[in-house]
Amino acid sequence: MSSFNEMINSETPVLVDFYATWCGPCKMMSPILQDVAGKLGSTAKIIKVDVDKNPQAAAAFEVRGVPTLIIFKNGKQIWRQSGVVQAQQLIQQLELASR
């Protein structure tokens, strides 16, 4: 979990996707996140956290449902939403975070 903490403490915004392999909406997020990553390049990072394999991370951030998306910058949670989120909304939030 230390490398996770190092990543979210970055000055570069980090979008964390808390997901589960059995979750239908989580599967819908995968191509959306790939699209976002392609459009933003190195201005933001996207990491995926499987809540079944990392229950301590899910508990630490009070993730109650999947998918839950959280944007961190400098270790602070600056945006959070559960459910499927469209690429344009994610890009907008990440661009705001990178200012």
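FYI, it's all coordinate maths here, none of it is from the lab. If you're wondering where the values come from, they're calculated on a predicted model, not measured in any experiment. Quick reminder, even Gly has a Cβ in these numbers, built from the backbone with ideal geometry, and neighbours come from all protein chains shown.
At-a-glance table
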quantity	calculated
Estimated distance in nm for a label pair at residue 11 and residue 61, the labels positioned 7 Å out from Cα along Cα-to-Cβ	2.2
Hz values of 3J(HN,Hα) by residue in the range 48-61 - Karplus curve (6.51, -1.76, 1.60), Gly and Pro given as x	10, 10, 6, 5, 6, 8, 10, x, 5, 5, 4, 5, 4, 9
Long-range HN-HN contacts of residue 82 with modeled amide H, under 5 Å	69
Global geometry of the range 1-53, whether rounded, prolate or oblate, following the gyration tensor of its Cα atoms and the 1.5 cut on a/c	oblate
Nitroxide proxy distance, nm - points 7 Å out along Cα→Cβ at residue 50 and residue 98	2.9
Placed amide H near residue 49: partners under 5 Å, 5+ positions off or other chain	17, 18, 19
Residues in the range 52-72 that a label on residue 82 would reach, taking backbone N under 18 Å of a point 7 Å out along Cα→Cβ	52-71
Cα-centred dipole magnitude for the chain, charges only on beta-carbon of K, R (+1) and D, E (-1), debye, nearest 20	120
